[in-house]
Amino acid sequence: MIKLKQDYYGNQDYGKRAFWILDADGNYSFDFVFIEDLEEWIEWKRGQGKSLEIEYANGSLRIYDNK
């Protein structure tokens with residue numbers, strides 16, 4: 001399962017929201033997906049047989065099973 005966590009890219013003044021991909025230990029990796037690309041990225045990964053867990057900035061979780 002791929003885990004993502006929504007956070008700021010850069011700082012809050014910059015304001016660009018991103019979903020950071022977490023490593024196996026739950027730490028931030030250097031990989032991220034911008035919010036504008038998230039829907040397409042989810043479908044791409046699900047098409048590869050991956051499941052996803054996304055934690056939004058408000059603390060809610062969303063699980064996407066693989067296709």
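The values are calculated or read from the model by the stated rules, or taken from the named source; none is laboratory data. All values reported here derive from a predicted model rather than from experimental measurement. Cβ: placed from backbone, ideal geometry, glycine included. Neighbour counts: every protein chain shown.
Worth pointing out:
- In region 3-21, the residues that are among the acidic types (D, E) reach residues that are modelled with pLDDT of 75 or more and crowded, with 19+ Cβ neighbours inside 10 Å with C-beta atoms within less than 7 angstrom, at least six apart or across chains, in these pairs: D7/A18; D7/W20.
- For region 12-67, the candidate set comprises residues that are part of a loop (DSSP other than H, G, I, E, B) and polar (S, T, N, Q); within that set, the residue that is farthest from I2 (Cα to Cα) is Q12.
- Region 24-42 residues that are closer than 15 Å to Y56 by Cβ, paired with ones that are among the hydroxyl-bearing types (S, T, Y) and at pLDDT below 90 (beta carbon under 9 Å, 6 or more apart): F32/Y9; F34/Y9
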